[in-house]
Amino acid sequence: MHGFKLLALSSSVPLLASAQCPDYLDYSTQIHEPLSSGKYKLPYQRPSEECRTFKSQSLEDTITRMESVIKDPDLYRLFTNAYPNTLDTAVKWKGYAADNADEELTFLITGDINAMWLRDSSNQMQSYLPLLNASSDPNSIASLYRGVINLQARYILTSPYCNSFQPPIESNIGIANNTSASQDTVYPTYNNQSVFECKYELDSLAAFLEISSNYYSATGDLAFFGKFKWVQTVEAILKVAADMMTPTYGDDGAVLESPYSFTRLTTRATETLANDGLGNPTANGTGLIRSAFRPSDDSTIFQLFIPANMMLSTYLSSTAEIMSKLNSSNSASLATQMTGLSKSLQEAIESHGTTTHSTFGKIYAYEVDGFGGTTIMDDANIPSLLSAPFLGYPVDQETYDNTRALILSASNPYFMRGPVINAVGGPHQGPGMAWPMASIVRILTTDDDDEIKGQLREILGSTDGLGLIHESVNSFNASRWTRQWFSWANGLFGQMVLDLETRKPGILDTSFQ
């Protein structure tokens, strides 16, 4: 099932009639007037007000306010379309747990797939961090955040190695059929009534800590974390982290039992793991945590995936502060454990997650195996090496600068170059397909005005006249693209524009005509 036609069980989300509200998957590929007055004549792509899946006055006020801040009419139209995309189209259901009338739940789809990814939903909500403040109102951004955190906790406690999940039973939304996963063989096993896909991605677990940290930093709502199952979920994450430090071989050379394995019947190498689901061998002693898949949902080549270890280290540190202030019987010891793991991961990244490149010098590797195997590249999906400062990881500046120079050059096998857009892509959509998400991250991680303006020009020119951020765009042909409805990337674009308003306001005075 696609689109945003839904049955709401909570007054927080309006009941939408399918006869009145078109499927946004189709709606978003059509031109809707009024067109912007700029060079690109971008259409207005927000659904009609009665068809929006969540209403926020602070969002509407922000869009109105930014009209006088963003001078370029095309840039303003793209912001108007993109920033509200998750609230307009992706709040599939909002309600309460069947066994606890106080436990808010938010089922948030990423776009054209009727399932909730841990990573995507955290990042979709992060877009609205500038609008987040403490509120008990069930129609608030804060309530949406709490609902996502609570539902993610349920998912992780049910299947901690899985990345994408079915609608909660309370929603009465039918489960989505994932034909790609129909012949997956996964250990630990899972129930497809609750799980959409079970690719173990370390960043998905880090994403739960990220959204928790963001909610707390914006609201100061400590009491929320002492309710429901947040502490137990952190315990589950710590157990997975410890278990996934298991190497391939024991000291005597015996093959150790892996806590996780995955095989899929597929023609794509990136959709399954080598060695009958174990993945390529990983050495002991690095202090890094394995990840079977990347945030693109593509399999890792070497399982010690550095960006996810960076992300987990960052958010273990910030959520340890929350844990330390709770009064549960084991919160103090858990906080100490979280802080210790955060520090040890940072030390491991700086010791084992770097390599020396013949041209660029010392750089962060994308993946390592502990045996000397190194993947030198970057992928558009967050977490990435490019996004490390955006995630809050305390990079070694020289190492990061060297890495950034490599990533944004032909030495990165997935840096796509061309007359339309020059940006990092990845194997998920393949050579030639640049991801505007990477252009947005590039803006978020630089202070160079010319670099920012150049990236904004390319983003504006790469929507194929449709006025939304695509998943990927062919670097030589703006009419070849994937996924018109990709709310994470759209929200991130809006978040980036708001960041520029604070950090580089003069750039929003620029004309891109």
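The values are calculated or read from the model by the stated rules, or taken from the named source; none is laboratory data. As the structure is a computational prediction, the values presented were derived from the model and not from experiment. With ideal geometry, Cβ positions are generated from the backbone for all residues, glycine too; neighbour counts draw on all protein chains shown. What goes into the accessible areas is simple: the full protein's heavy atoms, side chains included, and nothing from ligands, DNA or RNA. Shrake-Rupley method; radii C 1.70, N 1.55, O 1.52, S 1.80 Å.
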Would you mind stating whether Leu326 is among the aliphatic types (A, V, I, L, M) and over 24 Å from the mean Cα position of the chain (by Cα)?
-> yes
Any chance Phe360 is in contact (Cβ under 8 Å) with a residue 24 or more places away in the chain and either more than 24 Å from Trp117 (Cβ to Cβ) or surrounded by fewer than 21 Cβ atoms within 10 Å (Cβ to Cβ) (or both) | yes
Under 7 Å by Cβ, and 6 or more places apart or on different chains, what pairs join a residue from region 254-278 that is in contact (Cβ under 8 Å) with a residue 12 or more places away in the chain with one that is surrounded by 12 or more Cβ atoms within 10 Å (Cβ to Cβ) and in a helix (DSSP H, G or I)?
-> Pro259/Asp243; Ser261/Gly277; Phe262/Gly277; Thr263/Gly277; Arg264/Glu271
Condition broken by Thr53, with the remaining ones in (1) assigned to a loop (DSSP other than H, G, I, E, B); (2) surrounded by 24 or more Cβ atoms within 10 Å (Cβ to Cβ); (3) among the hydroxyl-bearing types (Ser, Thr, Tyr); (4) out of contact with any strand residue (DSSP E or B) (no Cβ under 7 Å at 6 or more places or on another chain) satisfied | (4)
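Conditions tested, residue by residue: (1) small (Gly, Ala, Ser); (2) open to solvent by less than 10 Å² (accessible area, probe 1.4 Å); (3) part of a loop (DSSP other than H, G, I, E, B); (4) farther than 22 Å from Ala97 by Cβ.
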residue: Glu170; (1), (2), (3), (4): no, no, no, no
residue: Phe196; (1), (2), (3), (4): no, no, no, no
residue: Asp203; (1), (2), (3), (4): no, yes, no, yes
residue: Phe208; (1), (2), (3), (4): no, yes, no, no
residue: Pro247; (1), (2), (3), (4): no, no, yes, yes
residue: Asp251; (1), (2), (3), (4): no, no, yes, yes
Within the bounds of region 149-163, is there any residue that is in contact (Cβ under 8 Å) with a residue 12 or more places away in the chain, out of contact with any Phe, Trp or Tyr (no Cβ under 9 Å at 6 or more places or on another chain), over 17 Å from Leu205 (Cα atoms) and surrounded by fewer than 24 Cβ atoms within 10 Å (Cβ to Cβ)?
-> no
Thr110 versus (1) open to solvent by less than 10 Å² (accessible area, probe 1.4 Å); (2) at pLDDT 95 or above; (3) of a type in the set (Val, Ile, Thr): which is the lone unmet condition?
-> (2)
Does Gly506 fit the bill of being modelled with pLDDT of 95 or more and either surrounded by 23 or more Cβ atoms within 10 Å (Cβ to Cβ) or touching a His at 6+ places or on another chain (Cβ under 7 Å) (or both)?
-> no
Pairs where the first residue, in region 474-490, is of a type outside the set (Asp, Glu) and the second is open to solvent by 30 Å² or more (accessible area, probe 1.4 Å) and assigned to a strand (DSSP E or B), C-beta under 9 Å, 6+ apart = Asn474/Arg480; Asn474/Trp481
Across (1) open to solvent by less than 40 Å² (accessible area, probe 1.4 Å); (2) in contact (Cβ under 8 Å) with a residue 40 or more places away in the chain, Ser439 clears everything bar (2)
Would you check if there is a residue in region 409-426 being open to solvent by 10 Å² or more (accessible area, probe 1.4 Å) and closer than 14 Å to Pro307 by Cα?
-> no
Inside region 291-338, can you point out the residues that are part of a loop (DSSP other than H, G, I, E, B) and open to solvent by 10 Å² or more (accessible area, probe 1.4 Å)?
-> Asp297, Thr300, Ile301, Phe302, Leu326, Asn327, Ser328, Ser329, Asn330
May I ask you to list the residues in region 165-178 that are touching a residue at least 60 places away in the same chain (Cβ under 8 Å) and either closer than 22 Å to Thr263 by Cβ or touching a strand residue (DSSP E or B) at 6+ places or on another chain (Cβ under 9 Å) (or both)?
-> Pro167, Pro168, Glu170, Ser171, Asn172, Ile173, Ala176, Asn178
Only one residue in Leu326, Leu304, Leu316, Leu334 is modelled with pLDDT of 95 or more, over 16 Å from Phe225 (Cα atoms) and of a type outside the set (Gly, Ala, Ser). Which one?
-> Leu304
Residue by residue through region 444-489, note down the ones that are in a loop (DSSP other than H, G, I, E, B) and closer than 19 Å to Tyr24 by Cβ.
-> Thr463, Asp464, Gly465, Leu466, Gly467, Leu468, Ile469, His470, Glu471, Arg483, Gln484, Trp485
